[in-house]
Amino acid sequence: MVCAKLTSMSTPDNNPAPDAGHRHSFDGPENAGQDQEVLAQMRDIAEVPAVEVITTAAVHLMSAAAVKCGLAAGEDAEQLKDLDEARKLITALAGFVTAAAPEIGSQHAGPLRDGLRSLQLAFREASVLPDAPGQGPGEKFTGPVN
């Protein structure tokens, strides 16, 4: 439920670019129904604890990185593999988890760190020329992963 709310609030259709010629949804009476929906979504997200929002964002990064490492389920996993993109996602995840850990506590940060480490190892395994220890994705935040 939280993922759906976060995703629906962040789609381009709901948040047009300021210069795209669109008016903000709160600008006119013709958008009253949409305004009520947005307000309801904002109230719903306001009820979600920060730790849940943080862990949901981390899980999204993990899922995307896993696909880009070639770990997707299905026959097209190899076609979806993109290690350059995976490196970016894993590095962002490492920074995010490192920064969030003191705020979310070890009971939530521990599993995120475990998932991150698994992704770092999967990246190393998928690489034709593995990075030197300490140079892999996210290792500037986590230290070398073996």
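Throughout, read-outs are computed from the coordinates displayed, never taken from laboratory work. In this text the structure is predicted, and so the values were computed from the model without any measurement. Neighbour counts run over all protein chains shown; Cβ positions are idealised from the backbone, glycine included.
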Testing E103 on (1) surrounded by 15 or more Cβ atoms within 10 Å (Cβ to Cβ); (2) assigned to a helix (DSSP H, G or I), one condition comes back false. Which one is that? (1)
Given (1) part of a helix (DSSP H, G or I); (2) of a type outside the set (K, R); (3) farther than 24 Å from G143 by Cβ, where does E85 come up short, assuming only one miss? (3)
Of (1) within 16 Å of the chain's Cα centre (by Cα); (2) surrounded by 14 or more Cβ atoms within 10 Å (Cβ to Cβ); (3) of a type outside the set (K, R), A122 fails just (1)
For segment 41-82, give me each residue that is aliphatic (A, V, I, L, M), in contact with a helix residue (DSSP H, G or I) (Cβ under 6 Å, 6 or more places away or on another chain) and part of a helix (DSSP H, G or I). I45, V51, I54, A58, L61, M62, A64, A65, V67, L80
Condition first: among the β-branched types (V, I, T) and not in a loop (DSSP other than H, G, I, E, B). Can you find one or more residues in segment 113-134 that meet it? no
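Listed here are the residues, each with its yes/no results for (1) more than 19 Å from T142 (Cα to Cα); (2) not hydrophobic (A, V, I, L, M, F, W, C).
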site	(1), (2)
E52	yes, yes
L61	no, no
G74	yes, yes
G105	no, yes
Give the residue, chosen from V67, V51, V128, V97, that is surrounded by fewer than 16 Cβ atoms within 10 Å (Cβ to Cβ) and under 15 Å from the mean Cα position of the chain (by Cα). V51
